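A short worksheet on the structure shown next.
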Amino acid sequence: MKDSEEEFQIVEAVLNGQKDRYRELVDRHAPLVFNIVNRFVSQRDEAEELAQEIFVKTYERLSSFNKQSKFSSWLYRIAYNHCRDYAKNIRRKNESFNEVGEQDLKKHVVTYPLPDAELEKAEWIALLKQGLKEINTDYAEAFLMKYEAGMTYQAMAQRLDASKGALKVRVYRAKKELKAFIEQNS
């Protein structure tokens, strides 16, 4: 039996009341989730908490899994979006200038300078991220796996149950659509 078919059966079992079977999905996909989480945080406790939040969120949304893609692809998207939102919220929760002590101020000034080049880079990255939300999700997923996760086409093919050729086309189309989006919005 193919892995995806087995996972579909596990999802159905969980949705039909066999909630303890969700643990099988967690055990199977914990390395994927931790791989994503570790790109956003460096502390182990924080990574474990984020991973737990992702698996809880996935469990809560399990009924929305439509079996149009592999479970791992669906989970990857939830995990990536959750971590991205987490990172945004951390930046928003930064202390206000008046609350920063002198030692903290020195630390922030030394650690986080934003010269023009860094500011332009941040703006470009924000535009790229917005573009990834706008383009075809299959293309965006392949693009992120290739360039953010650094996966080979072979690894992507195994994860997404697609041919390497099809994934190369998706990445190419993602680049083409992103280029058009960036040209239109910059």
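Given R₀ = 30 Å, FRET efficiency for Tyr59-Lys133 by Cβ-Cβ distance, to 0.05?
Values: r = 24 Å, r/R0 = 0.81.
So the FRET efficiency works out to roughly 0.75.
For the pair Tyr172 and Glu46, label points projected 7 Å from Cα toward Cβ lie 4.0 nm apart. Across segment 1-73, the fraction of Cα-Cα pairs farther apart than 14 Å, rounded to a whole number, is 61%. Looking at segment 11-76, the accessible area is 58 square angstrom per residue; that uses a 1.4 Å probe and ignores ligands, DNA and RNA.
The values are calculated or read from the model by the stated rules, or taken from the named source; none is laboratory data. What you see is a predicted model, and the numbers here were worked out from it, not measured in a lab. Note that we place each Cβ from the backbone using ideal geometry, even for glycine, and neighbour counts take in every protein chain shown. Surface areas here come from the heavy atoms of the whole protein model, side chains and all, with no ligands, DNA or RNA. Shrake-Rupley method; radii C 1.70, N 1.55, O 1.52, S 1.80 Å.
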